[in-house]
Structures are given as C-alpha cells and as structure tokens.
1. Scanning for something surrounded by 17 or more Cβ atoms within 10 Å (Cβ to Cβ) and either closer than 18 Å to residue 200 by Cα or modelled with pLDDT of 75 or more (or both), does the range 41-55 turn up at least one residue?
2. If you scan the range 146-182, which residues turn out to be in contact (Cβ under 8 Å) with a residue 40 or more places away in the chain, over 20 Å from residue 201 (Cβ atoms) and surrounded by 16 or more Cβ atoms within 10 Å (Cβ to Cβ)?
3. Just to be sure I understand, how many residues within the range 306-336 are in contact (Cβ under 8 Å) with a residue 40 or more places away in the chain and surrounded by 15 or more Cβ atoms within 10 Å (Cβ to Cβ)?
4. State all residues of the range 6-23 that are assigned to a strand (DSSP E or B) and either modelled with pLDDT under 75 or closer than 13 Å to residue 193 by Cα (or both); if no residue qualifies, say none.
5. Report, by residue number, each residue of the range 183-224 that is part of a strand (DSSP E or B) and closer than 16 Å to residue 91 by Cα.
6. Could you say whether any residue in the range 351-358 is surrounded by 23 or more Cβ atoms within 10 Å (Cβ to Cβ), without any contact (Cβ under 8 Å) to a residue 60 or more places away in the chain and within 25 Å of residue 415 (Cα to Cα)?
C-alpha cells in the first residue's frame, strides 16, 4: 500500500514547502499555502494511467512528413488570426478569461465548423467535457447558438481517468475540457482545483494530445488580479495561451495570444457579444468610435495591437476633491502610467493636481497596452481642466517621457492611414525624419500633420481653436 505524506503548496504560483509559510518566497503572496496530501510511493498502475504510456521512437527530422491538413481552420476569422492560421493537430491550447466573458460560448461556436471538416474522408469528431455543467445545459446553449452537429459528443465526467476511457471509446480528433479547475485525478488526494490537481490533469492531457494527435483546448479561469488560476507552470506546459479580455457587462471582447509555439503572438481578435453568441468585428475602429463626442476631456489615439491598428477614444474627467488624498481612477490604461503622466504635467506644465480627482476611461471596455496613448491621455486631461474641447477629427499619437519630451512610436504611417480612412483631418505626432515626412505628404495629402517635440507644444496644437 502506498505511503502518504503532506506538503504545502502556494495556490498562486505552485511553490512547494515542507511546512506552512505565511508569505510565499516565490510570488510574495500572503496566506496562499494550502496543505495537500500526496502519495510518496505508488505502484506503476496507480502512478499514471497505462493507456497514455506509449513506446517512443527516434526519427530524423528529414524523415518526418507533414500532413497537408496539419492545421485546420475554425472558419472564425478573428480566432484563426490569433492562432496563426487555425488549430494545429495534436496541440494543447489554454483559453483563459474572467467568468462570464464568453469562453464556453466561443469554443461551442467553434465546434460547429470543426465538425464539418473532413480528415481521410471522415468528419472530425469532437468530445466536449463539460465538467462544470450538465449535457442538458450545454444543449440549451448550443440551441441558442444554432450548434447541433451529429459528431459532437458531450460528457460531464470530472475524473481524468474516466475522461481517458471516453477518449479511448469515441476516439475524438478534437477535445474540449471546460474547465481544467473542475477536473481531478484520483491519484492526487488534494481537493479539485488545487495546484497539484491542475498540474497533473494538464500533464495527462498533454501526453494524450501528443501521443494520439488530438487537438485539445482546455479552459481556465483567472483570479481577481487577472492571472490564470492555478500555477504559472500551466502556461509553460501548453502550446498556446489565449486570453479572452473585456468587461463582461459590455459588448466588446478582445482575444489576445500571449504564447504560441506555432505562430506569432502579436495578433488579436475582436468580438461583440450578441444574443446569438459572439460576432466577429472586422473593422473595430469604426465600432469603437461610433459615438465619439466633441466635448472637453475627449481625445482619440491610434494604437497598434499586433498587426492591426485600433482607434480608441480616451475620456478624462478632472474635478476638485474635498478629501486629503485625491482619487486616481484608470479604466483601460495602466494605473502607474496615469500617475507618471500626472507627475509630468505637474512638473513640466505647471498644473496643480494635488487637489483634483482624475478619472480616465477608454471607451468600449478595451485595455490599451502600448505607450502610444500617453500624449492623447495628457491632452484629454488638460482639455478637461481648461474646459476646451479637442477637434473631433484630430488624431493624437505619441509617448510622453519623464522630461516632458514626446518620443517617437513605430508605424506612424499605418496609423495615420487608418485615421485618414475614418475621416480624420488633423494629426499631432512626434518629430519624424525628412524621409517619413515626405512619404506622409505623398500618401496622405489631405491630412494636416503637426509635429511636436515637447508636451507644451502638443498642448498648444491640441487645444488651438481653428
């Protein structure tokens, strides 16, 4: 009989300790250790399911032949763009996001087109492990999404050993596990959703995906801090990590790839949540600027998301406060970046913001990552303070340095071309080279381009009444 022992595991990063620790030395989280019971000695039968252990062979890379259907598309263009052209056979993907963001809806919509793909004159079989729901509940969602293929199989098994038995019986080509936090391994005595359970179940699914050439998608939840629930090692085990971002109370969703062994990680996809499910947005800038207001505190910036240009409206509201410490609220932009910009405005522009509350919001509930929004955010704040609107057809691009200088950002030409297509007539950008300036005058002759070197110059150009 196997002996048992206990260990303390950090539920945030997976760090293991022989005794309880109040603070994790690896991730600095407090009160994150949970005691888990493990088997010290186990027989070969109990250690790992025997049907996932296969003989390994050694092959020359030149002798390995690639199938023409090694990658198959989901027919959802925004998803295929993020994946680098579609799903790769035998790959293991992790789809993470907040509860209610639409992860289950997306994978269920994906099965509709995957079940129509033929491999060796037979349609692909899809096994959906709905560990958090009953098959009846999934059927209700599938009916709403108009998904009812004959080769889609549902099971609500939560034990990984039973899931393996289902795989052996059905022999699917595509496997979905919803979610990895709800599946457990009988050999691990810790509770479902613990670090040990998540790591072991993912390891088993990884072996199955590689040995049986089954494309596997596992769904994972995220914590309140925005990290994938469970250990960070989960991201290292899978081939592709995709984050589903956005506010679940708003319509727009961003699908962002943060790891991809089979393609670039720079692409993003945009969706809109409707009654019939997730709808692709091929021209997101038009949707995000649909209700732009010509009012003080509003500025438009062109950002680069992967290889696509997005135009966002940044809104700022500045008002006096009655409290000792004024409030700083940032939605859609990094909080520390906002504090840095406010410090530059106080030092280089002379604004006194110590008695002012500052609220910043990116319209649409989408987060902006790159620093090209610094200048637009600065002008939106000053526009709110001075109560002077910025021209509605003015695009603002640039990074603000700590010395108040406006720093260059890449792909200026592509950003201005996209803005010109949407009717923008004026642009405030950093200083550019003579070659780039000449090219812009030739390709975008109808746009008035103002180059600025300092934050004070940008304020004059941005708030100037024409």
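1. Yes, the range 41-55 has at least one match.
2. Quick first cut of the range 146-182, residues in contact (Cβ under 8 Å) with a residue 40 or more places away in the chain only: 146, 152, 160-161, 164, 167-168, 170-182.
So of that shortlist, the ones also over 20 Å from residue 201 (Cβ atoms) come out as 146, 152, 171, 173.
Residues satisfying the conditions are 152, 173.
3. Number satisfying all stated conditions: 13.
4. Result: 9, 10.
5. Across the range 183-224, the qualifying residues are 215, 216, 217, 218, 219.
6. Taking the range 351-358 as the starting set, the residues that turn out to be surrounded by 23 or more Cβ atoms within 10 Å (Cβ to Cβ) are 358.
Next cut, without any contact (Cβ under 8 Å) to a residue 60 or more places away in the chain only: 358.
With the extra rule that they be within 25 Å of residue 415 (Cα to Cα), the set shrinks to none.
Checked against the condition, which is being surrounded by 23 or more Cβ atoms within 10 Å (Cβ to Cβ), without any contact (Cβ under 8 Å) to a residue 60 or more places away in the chain and within 25 Å of residue 415 (Cα to Cα), the range 351-358 yields no hits at all.
Condition check ((1) within 28 Å of the chain's Cα centre (by Cα); (2) under 21 Å from residue 315 (Cα atoms); (3) crowded, with 17+ Cβ neighbours inside 10 Å) across all residues:
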residue: 378; (1), (2), (3): yes, yes, yes
residue: 384; (1), (2), (3): no, yes, yes
residue: 405; (1), (2), (3): no, no, yes
residue: 423; (1), (2), (3): no, yes, no
residue: 439; (1), (2), (3): no, no, no
residue: 445; (1), (2), (3): no, no, no
residue: 448; (1), (2), (3): no, no, no
residue: 455; (1), (2), (3): no, yes, yes
residue: 459; (1), (2), (3): no, yes, yes
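Per-residue answers, yes or no, for (1) touching a residue at least 24 places away in the same chain (Cβ under 8 Å); (2) in a helix (DSSP H, G or I); (3) in the same structural domain as residue 296 (by TED's automatic domain parsing); (4) out of contact with any strand residue (DSSP E or B) (no Cβ under 8 Å at 6 or more places or on another chain):
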site: 374; (1), (2), (3), (4): yes, yes, yes, no
site: 380; (1), (2), (3), (4): yes, yes, yes, no
site: 384; (1), (2), (3), (4): yes, yes, yes, no
site: 388; (1), (2), (3), (4): yes, no, yes, yes
site: 414; (1), (2), (3), (4): yes, yes, yes, no
site: 429; (1), (2), (3), (4): yes, no, yes, no
site: 435; (1), (2), (3), (4): no, yes, yes, yes
site: 446; (1), (2), (3), (4): yes, no, yes, yes
site: 456; (1), (2), (3), (4): yes, yes, yes, yes
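The values are calculated or read from the model by the stated rules, or taken from the named source; none is laboratory data. As the structure is a prediction and not an experimental result, all values here were calculated from the model. FYI the Cβ positions are ideal-geometry reconstructions off the backbone, even for glycines, and counts take in every protein chain you see.
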